[in-house]
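The values are calculated or read from the model by the stated rules, or taken from the named source; none is laboratory data. Quick caveat: nothing in here was measured; it's all calculated off a predicted structure. With ideal geometry, Cβ positions are generated from the backbone for all residues, glycine too; neighbour counts draw on all protein chains shown.
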Amino acid sequence: MKKGGLPLRSMAFMQDDIQQRWWNLEAKLVERFGKKPDLEGILFLIGLQETGYITQNISKEQKQDLMHVAMCRILQSSGYYRMDGKDEEGWPHFTQVKDLPVFSLPEQENFIRDHVLLYFEAQDF
């Protein structure tokens, strides 16, 4: 059987590969930070990395903004977003240039995880 043009066996392999690579990333993050972050925590870290935003107290809105920057940044590599530049405070601004695919929740999570993994690989982490 096929789903989206891929044999189910290939999809299962891709999912296993993403899972193994994800576990490896989590292990590196535990080694570096002393605890295992969830996907939101990892997106938050990427947002901090991309903005250089460091402060003692981060509001819920700022955390959401940082995670939004992270999503735009990781999806930029697949052509979904384009960075337009940075504002006077150094925050990057993005424009969505193509529609995101519609996925089920588990597929969406794998899509995001795969892009997070690509981001960290590009950073040589």
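Out of all the residues in segment 39-54, is one or more among the hydroxyl-bearing types (Ser, Thr, Tyr) and either in a helix (DSSP H, G or I) or surrounded by 11 or more Cβ atoms within 10 Å (Cβ to Cβ) (or both)? Break it down stepwise before answering.
Residues of segment 39-54 among the hydroxyl-bearing types (Ser, Thr, Tyr): 51, 53.
Filter again for either in a helix (DSSP H, G or I) or surrounded by 11 or more Cβ atoms within 10 Å (Cβ to Cβ) (or both), leaving 51, 53.
Yes, segment 39-54 contains at least one residue that is among the hydroxyl-bearing types (Ser, Thr, Tyr) and either in a helix (DSSP H, G or I) or surrounded by 11 or more Cβ atoms within 10 Å (Cβ to Cβ) (or both).
Report the residue count in segment 51-71 for those that are modelled with pLDDT of 95 or more and small (Gly, Ala, Ser).
Number of matching residues: 1.
What are the pairs with Cβ atoms under 6 angstrom where one residue, in segment 73-90, is touching a residue at least 12 places away in the same chain (Cβ under 8 Å) and more than 21 Å from residue 117 (Cβ to Cβ) and the other, located anywhere, is assigned to a loop (DSSP other than H, G, I, E, B) and of a type in the set (Val, Ile, Thr)? Sequence gap at least six, or different chains.
So the pair list comes out as 82/97.
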